[in-house]
Amino acid sequence: MENNTKFSDLGISAEILQAVEEMGFTQPSPIQEQAIPFVLEGRDVIGQAQTGTGKTAAFAIPIIELVDPDFNRPQAIILCPTRELAVQVEGEIQKLAKFHRKINSVAIYGGESIDKQIRVLRKGVQIVVGTPGRVQDHINRGTLKLEDAGIIVLDEADEMLDMGFRDDIEAILQEMPEERQTVFFSATMAKPIMDLTRKYQNDPHIIKVAKKELTVDRIEQVFYEVKPSLKMELMARLMTVNNYALSVVFCNTKRMTDEATEALGSRGIVAEALHGDLSQAQRDKVMNKFRKGLCTVLVATDVAARGIDVDNVEAVFNFDLPLDEEYYVHRIGRTGRAGKSGTAINFVTGRRDFMKIRDLERYTKATITKMAPPSVSELIDLKKAQLVKDVNRQLSKEDDNQIFEDTIGQMLAEGMSLEQIALGLLKMNMGEAVKEMRDQDFGLPSFNERRRERDGGRGDRDGGRGDRGGRFDRGGRFERGEGRRDRREGGRGDRDGGRRPERGRDANMARLFLNLGKKDRIRPNDIVGAIAGEAGISGRNIGSIDIYDNFSFVDVPKGDADQVIKAMKNNTIKGKPVNLEHSKG
């Protein structure tokens, strides 16, 4: 049934209606239509909604309506898992509050000067948006007081729990008045989320976006089997053949985003990288270029991509398959927006990836179709058509052609015909490219249907666990990749003072020394939450953590190590100053 509800039907002020109209919104989305009235009533709410459903306005509009513009103290707090999302949410609040002149907001997060944030807080704001780690840091410093905060929103609550922020979230909730309004927005209703709602909410109203809003019906999902060394060439070839106006490439590490951006640039494709090493000003600059079409490809990590909100992205490339199904949905949701169709392109480089594709099919309840790489003849036809256009464009220019005509005359004098001259120039222009195309074999001869049948569809012998770094189980405990096996073998992890039996560490991980240990009462999830929140990397990418009495060790991806050290400088964990450096052991 068609939705005929208007924003004016939701009981919101003329100032908000004016802002909504200026932003180009005509009708509320399903999550907005259902959530706004209940939040305005002061009810606790649980909203199940993913990125792209309009959930930010669903809580931002009633918050702006509920705060007192004449009282310059924090009255509403919004927690987000990443600084990118915090900045995006606070930007949306500024737009919606444009005609409420006295309402001020601030985004507080790691990676930005805390002194600057303190100055803004001291001037007085009604709405605070922040990452849990930085919000807790301000509370500990006494620069953020929540005794007058009557509403708290946990945006993407499931993501925050996955990143290890549960302790920070609970500590922040306990700083607020007991009589408060608590709102959760989450893509899933997993057990950890429901545990928190039972503990901190009062008779919450549950809103679930209709199933059709959570599917990926408008997105064509495909995959290509390709040799690892030729993924970049295949991606460039697909971009060239399909001539996408805008596309996003996802990589699992910051280093890979830089390498992919450089490789695409060397092939004449204008690309920009978006990852945690960039300052906020640099990220804004990259996003503005992408929105304006000044670069056609954005290469991003999962965490950095939380702030991508562009309607006309035609294709998403999963250069590296994501570590988890939720990330996959977030990634491909960057295309097929605003009622348009899009394409999600996945690269498969082995049996593990193939099994992951099957898992993603089950998760999205959609078929991911195997495709053949563009043929050499298709590319040659494309190159020929482009060359004809280029020649016509050159001939149409009113330049001084005397030197070129003299050169042709010289060639004719040498006995060449005009056909021979043209053929030689064409070979100079296209010859090497055509040879390279013909020499390339994208296929994986060792990876075929007969092997899959022989193996009976089984995954890798390790059960297909792609991420050895670790995860949080449903109870919020941190498990390293082989945690289950450790327990089966009777290992307790720290019986000998925290030392685990040495295993061969992943060569792609860097070991960092942390000056805090058991005496500081820190736990693995404290470390994961702090690093993920401040450095902008996913908690899933953080590897082994060993906690001793006076210090700890943590493994992080090599490409992220320096950024982690830089981001954690002058920060705290549980109120204790952090010193993080490369391990000398």
Pick out, from Ile103, Met194, Val183, the residue whose Cα sits farthest towards the positive end of the charge dipole of region 99-198, with +1 on the Cβ of Lys and Arg and -1 on the Cβ of Asp and Glu. Ile103
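Filter the cross-link list Lys95/Lys285; Lys208/Lys254; Lys191/Lys574; Lys285/Lys566 down to pairs whose alpha-carbon distance in this structure exceeds 28 Å.
Lys208/Lys254
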Across region 96-217, what fraction of all alpha-carbon pairs, as a whole percent, falls in each successive 5 Å bin from zero upward? 2, 9, 19, 20, 19, 15, 10, 5, 2, 0
Just subtract the alpha-carbon distance of Lys98 and Lys191 from 0.36 nm times their residue separation and send over the number in nm, one decimal. 29.7 nm
Here is the link list: Lys292/Lys370; Lys199/Lys518; Lys227/Lys356. Which ones come out longer than 23 Å on Cα distance? Lys292/Lys370; Lys199/Lys518
R0 of 30 Å, Cβ-Cβ distance Thr369-Glu325: FRET efficiency to nearest 0.05: 0.95
Return the distance in nm (one decimal) between the two label points of a simple spin-label model at Arg198 and Val270, each offset 7 Å from Cα along Cα→Cβ. 5.5 nm
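Quote the charge dipole size of region 216-370 about the Cα centre in Debye, to the nearest 20; the model charges only the Cβ of Lys and Arg (+1) and of Asp and Glu (-1).
Charge dipole of region 216-370: 180 debye, to the nearest 20.
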How big is the charge dipole of region 7-213 about its Cα centre, in debye rounded to the nearest 20, if each Lys and Arg gets +1 on its Cβ and each Asp and Glu gets -1 on its Cβ? 320 debye
Rounded to the nearest 5, the percent of DSSP beta bridges in region 7-213 running antiparallel is 0 percent
Between Leu395 and Arg291, what is the FRET efficiency for a Förster distance of 30 Å, r being their Cβ-Cβ separation, to the nearest 0.05? 0.30
Using r as the Cβ-Cβ distance of Ala281 and Ser583, and R0 as 30 Å, what FRET efficiency do you calculate, to the nearest 0.05? 0.40
Out of every Cα pair in region 216-370, what percent are spaced more than 24 Å from each other? 26 percent
Tell me the net charge near Glu361. Cut-off is 14 Å between Cβ atoms, Glu361 excluded, with +1 for each Lys or Arg and -1 for each Asp or Glu. +1
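Quick note: the coordinates plus some simple rules give every number you see, no bench work behind them. What you see is a predicted model, and the numbers here were worked out from it, not measured in a lab. Note that each Cβ is placed from the backbone with ideal geometry, even for glycine, and that neighbours are counted across all protein chains shown.
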